[in-house]
Amino acid sequence: MGRHFKEPRMTAQPDLGPLPEWNLADLYASPEDPKFSADLNAGEEKAKAFAETYRGKLAGLDGAALAKALKDYEALSDLLGRVSSYAQLYYVGDTTDSKRGKFYGDTSARLTEISTHLIFFELELNRIDDAVLEAALKVPALAHYRPWIENLRLEKPYQLEDKLEELFLEKSQTGFGAFNRLFDETMAALKFQVEGDELGLEATLNLLSDRDEKKREAAFHGLSTTLHGNRRLFTHITNVLAKDKEISDRWHGFKDIADSRHLDNSVEREVVDALQAAVIEAYPRLSHRYYAMKAKWFGKPQLNAWDRNAPLPSSDERIFDWETAKATVMEAYGKFSPELASIAQPFFEHGWIDAGVKEGKSPGAFAHPTVPSAHPYLMLNYLGKPRDVMTLAHELGHGVHQRLAAPQGALMAPTPLTLAETASVFGEMLTFRSMLEKTTDGRLRFAMLSSKVEDMLNTVVRQ
């Protein structure tokens, strides 16, 4: 565990062929890599030097000097982001491994300490008078950062004085950060009893879309039993996180529980409220109507909870091995744009994807952008179903977007959730439409469209 190779290492799984694993050596060779500790130490030294150079002096800098400060800050963000990304990716590979957990915890604590030297910068930048900053932005080198600066200025009304913000940052290790980690590690370690077998979360959730209703029901009850058995812990975690957020929101002056999230997502509360109202108003003619239709197709007065994602009798039950999944997604991407496919290709060739379901591995899927000086990594829990192919297409959409954004630099490459999910769903829908076009059987096309409707309902309505 924890060794990384120059070429992507493979592990065989039945029926799926060799599945790729991450090659994290593009970040660091291992936790013991001397470059990792050297970068961490360099980051601390540079952060202290940065604070010494700029703390309390930003208001007196001209446009060129401010641009130099931002360039230095961006370089530090990339360096520390590389360390942080490696620690997180190494950890999620097996969250039940105590050595990985300690490495991740120690690194996170060290990075938090380093960040206390840098927290002044954005706070102080926001205290510069609007007219003074606008005049400085006439310098082209500083104007390059205008989008980032304008987003930062939106946070100005919610800033506290430096020492208080530093306290919130340090306390995050024992506050929401600690409880989020407790939840993730608990979920990764849970086992579920299903028809005499002890399964992990991914395998159990996979059975909820099995054709056999008895298996679906057994999986549902297995999930319910184990989660119910941990209800005190999960209730405590939820209550602590809710109170932690309430305290932070109150001190920072946010009036609504979602306002800080809207700020992060670069979207107005009115827009989100209108979207929510539209979705709720559409319940009867969309989700309610669809599930009533599905109940009739199954010959039931209403669906059971374990029937919600059940495949139709005519559904596509093929298992896509990894090479077929890769070819399916890459063909869809290439048909739309050869350039899009060329940007996606390295993910499959250089160990940028970790696909297999493994003991202790974090559940779900994600695309981690890491830093512009490196490249993104995708995590999947691939089991070969058509929905897993859609997940690959979805996360690859994120990955392509992140590669395209990287030249913007460490400060401006990150995107709000609203934009990021547009890119991923675009990749997913490209792949779905390509698969649908190749399907001539009417009953199978009907089942594919039904499955896609369910995916959209899960995303837009339930989630």
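The values are calculated or read from the model by the stated rules, or taken from the named source; none is laboratory data. Because the structure is predicted, anything quoted here is derived from the model rather than measured. Positions of Cβ are backbone-derived with ideal geometry, glycine not excepted, and every protein chain shown enters the neighbour counts. All accessible areas refer to the heavy atoms of the entire protein, side chains included, with ligands and DNA or RNA removed. Shrake-Rupley method; radii C 1.70, N 1.55, O 1.52, S 1.80 Å.
Restricting the trypsin sites (Lys or Arg not before Pro) of the range 54-151 to loop positions (DSSP other than H, G, I, E, B) with no more than 15 neighbouring Cβ atoms within 10 Å leaves ARG55, LYS57, ARG127, LYS138.
The convex hull defined by the C-alpha atoms of the chain has an orientation-averaged projected area of 23.8 nm².
Quick one: with all protein chains in place, what share of the accessible area of the range 123-189 is carbon or sulfur, to the nearest percent (1.4 Å probe)?
Numbers: 2320 of 3830 Å².
Roughly 60 percent of what the probe reaches on the range 123-189 is carbon or sulfur.
Temperature 20 °C, viscosity 1.002 mPa s: under these conditions the Stokes-Einstein estimate for the range 293-439, based on its Kirkwood radius over C-alpha pairs, is 129 µm² per second. Ranked from largest, the principal axis spans of the Cα set of the range 210-270 equal 51, 27, 14 Å. Built from the Cα atoms of the range 66-109, the convex hull projects on average onto 3.1 nm², one quarter of its surface area. In the chain, the longest principal axis of the Cα atoms and the axis of helix 162-171 are about 40 degrees apart. Using the rule -39500 (n - 2.57) for each DSSP H run of four or more residues, divided by the residues of the chain, the 222 nm mean residue ellipticity is -19500 deg cm²/dmol. May I ask for the angle, rounded to the nearest 10°, between helix 386-405 and the longest principal axis of the chain, with both axes built from Cα atoms and the value confined to 0 to 90°? For helix 386-405, the angle is close to 20 degrees. Calculated on the alpha-carbon coordinates, the convex hull of the range 148-257 measures out at 153 cubic angstrom per residue. Between the listed residues ILE319, ALA413, THR235, the Cα displaced farthest toward the positive end of the dipole of the chain, a dipole computed from Cβ unit charges relative to the Cα centre, is found at ILE319. Taking the square roots of five times each eigenvalue of the Cα gyration tensor of the range 373-431, the equivalent ellipsoid has semi-axes of 23, 12, 8 Å, listed largest first.
Placing +1 on the Cβ of every Lys and Arg and -1 on the Cβ of every Asp and Glu, with nothing else charged, gives the range 277-422 a dipole about its Cα centre of roughly 620 debye. Heavy atoms of the protein chains alone define the surface here; on that basis the range 91-207 has 52 Å² accessible area per residue at 1.4 Å probe size. Split the accessible area of the range 300-419 by element, probe 1.4 Å, and carbon with sulfur accounts for 57%. At 4 °C and 1.567 mPa s, grab the translational diffusion coefficient of the range 222-376 from Stokes-Einstein with a Kirkwood Rh over Cα pairs, rounded to a whole number in µm² per second. Here the translational diffusion coefficient equals 60 µm²/s. With the gyration tensor restricted to C-alpha atoms of the range 29-116, the semi-axes of the equivalent ellipsoid amount to 31, 11, 11 Å, longest first.
As an exercise, use a Förster radius of 45 Å and the Cβ-Cβ distance of HIS228 and GLU155 to find the FRET efficiency, rounded to the nearest 0.05. Before the final figure, lay out the partial values.
Values: r = 41 Å, r/R0 = 0.90.
After rounding to 0.05, the efficiency reads 0.65.
If one puts a single equal scatterer on every Cα of the range 243-294 and applies the Debye formula without solvent, what log₁₀ I(q)/I(0) results at q = 0.28, 0.31 Å⁻¹? Taking Cα atoms of the range 243-294 as identical point scatterers yields -0.99, -1.08.
With a 1.4 Å probe and every protein chain left in place, work out the accessible area per residue of the range 251-379 in Å², rounded to a whole number. Provide the component values of the computation, followed by the final result.
Working: 6790 Å² over 129 residues.
On a per-residue basis, 53 Å².
Could you pull out the longest piece of the chain with no exposed loop GluC sites (Glu not before Pro) in it, calling a site exposed if DSSP puts it outside H, G, I, E, B and it has at most 14 other Cβ atoms within 10 Å? Mind dumping the intermediate values first?
Working: sites that count: GLU32, GLU161, GLU195, GLU268, GLU317, GLU359.
That gives 33-160 as the longest site-free run.
Direction-averaged projected area, Cα convex hull, the range 165-204: 3.1 nm², rounded to one decimal.
Taking each pair of different alpha-carbon atoms in the range 94-165 once, compute 1/r for the pair, average those values, and report the inverse of that mean as the Kirkwood hydrodynamic radius in Å to one decimal. Please list the in-between numbers first.
Numbers: mean 1/r = 0.0672 Å⁻¹.
One decimal place: 14.9 Å for the Kirkwood radius.
The Cα center of the range 25-85 and the Cα center of the range 414-463 differ in position by 40 Å.
The local environment of ILE237, defined by Cβ-Cβ distances under 14 Å, has a net charge of +2 under the rule Lys, Arg +1 and Asp, Glu -1.
Hey, what did the chain get for relative contact order, percent, Cα under 8 Å, at least 6 apart?
In percent, rounded to a whole number, it is 20.
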